[in-house]
Amino acid sequence: METAENAAVAEQDATRGSVDVDTAVLLLGAGVTAVTHPLLYVKLLIQVGHEPLPPAVGTTMFGRRVLYLPGFFSYAQHIVTVDGKTGLFRGLSPRIACSVISTVVRGKAKQVELQSKTKDQQTSLRKVVKETTKEMVVQCLSRVAAHPFHVMSVRCMAQFVGREVKYGGLFSCTIRILKEEGVAGFYVGLMPHMLGDVLFLWCCNLLGHFINCYAVDENLTQASAVRSYTKIVMGIAVSILTYPFMLVADLMAVNNCGLAAGLPPHSPIFKSWLHCWNHLSQKGYLFRGSSFFFRRVPVTSLTPVED
């Protein structure tokens, strides 16, 4: 009898401990989201092509004169000047909701995977493919669940361009989108976002596997350390290559929704995300917003500076 009671108590403690850990993870994620929000806010405004500050003329190390667009700190200071310090956190509440929902979906999927996990006797490459496939499914599920809140957050932030007040809190955003666009409005830009996520996962995992298997020498004293950093380096490199998908997804979330940032003359009205991609490609804007600093615009009319 005591054994059964002890087992029940242990199970309750384990459940309580798991809940505490999940709560801590959610709170930590919400905190990180809040701290990094000004970065993504400035990034979003650069993505939609809003440049309220004049560029400054500078000189490269080779004597070429270029125009430097304002960096993060100058842009953030401009937002503070216009909207105050709280203005840097416009669109934060739907973004926190997006982060929380994504974390919950991933956590539930991980629990199901651990319960059904069996001993894997497959070869290394097959194991990588199998694990990546599972990660892809989880990523797609979390993206579908969280994307409506991403759309809300992007639109709230994009209101800075035209000084609109169309989108406010979570409830008002939900009602507005349902009324004007229906359920489909919550999933504008979902396809390029998911494609970018899927490409990132497969490229990162497969490239990391091949480099660790064929490029890292087993006789190297620091081979294990090198392998542990391979996926991190691959993640940074692949994220640069898949950035255009994220850019297109954000632009489609704003396009033709009634905000100045998504309407002419700020932006053409795109028929599809492929139309948006082609437009950005022709203009050379596929990586717009990928950098916060040293954003240069060449000035062909200026002559090189002489020493």
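Scanning residues 5 or more positions from R295 or on other chains, those with amide H under 5 Å from its amide H are L69, with H placed 1.01 Å from N in the peptide plane.
Karplus-derived 3J(HN,Hα) values for the stretch 28-40, using 6.51 cos²θ - 1.76 cosθ + 1.60 with θ = phi - 60°, are 5, x, 5, x, 5, 4, 5, 5, 8, 4, x, 4, 6 Hz; glycine and proline are entered as x. Solvent-accessible surface of protein heavy atoms, probed at 1.4 angstrom with all chains present, puts Y214, Y229, Y68, Y243 in the order Y214, Y229, Y68, Y243, largest first.
Ranking R90, R163, R126, R65 from most to least accessible surface, computed with a 1.4 Å probe over the protein chains only, gives R126, R163, R65, R90. Taken per residue, the accessible surface of the stretch 21-115 reaches 55 Å², heavy atoms only and a 1.4 Å probe. Computed with a 1.4 Å probe over protein heavy atoms only, the accessible area of V198 comes to about 40 Å². Averaged per residue, the stretch 127-173 has 40 square angstrom of accessible surface, using a 1.4 angstrom probe with ligands and nucleic acids left out. Fully extending the segment from K130 to S272, taken as 0.36 nm per residue of separation minus the present Cα-Cα distance, adds 47.9 nm. Distances between placed amide hydrogens fall under 5 Å for V66 paired with G58, T59, T60, all partners being 5 or more residues away or on another chain. With the cut-off at under 19 Å, measuring from each backbone N in the stretch 32-63 to a point 7 Å along the Cα-to-Cβ line of E181 picks out 41, 44-50. When the residues E164, E131, E51 are ordered by accessible surface, computed with a 1.4 Å probe over the protein chains alone, the sequence from largest down reads E131, E51, E164. Structure note, pairs K43/K108; K43/K85; K134/K231: Cα-Cα distances above 20 angstrom occur for K43/K108. At an R0 of 51 angstrom, the distance between the Cβ atoms of V137 and Q77 translates into a FRET efficiency of 0.75. In the context of the full protein assembly, F210 retains an accessible surface of approximately 90 Å², using a probe radius of 1.4 Å and ignoring ligands and nucleic acids.
The values are calculated or read from the model by the stated rules, or taken from the named source; none is laboratory data. Just so you know, these numbers come straight off a predicted model, no measurement behind them. Methodologically, a virtual Cβ is constructed for each residue, glycine included, from the backbone with ideal geometry; neighbour enumeration extends over all protein chains shown. Side chains are part of the model used for accessible areas, which takes the heavy atoms of the whole protein and leaves out ligands, DNA and RNA. Shrake-Rupley method; radii C 1.70, N 1.55, O 1.52, S 1.80 Å.
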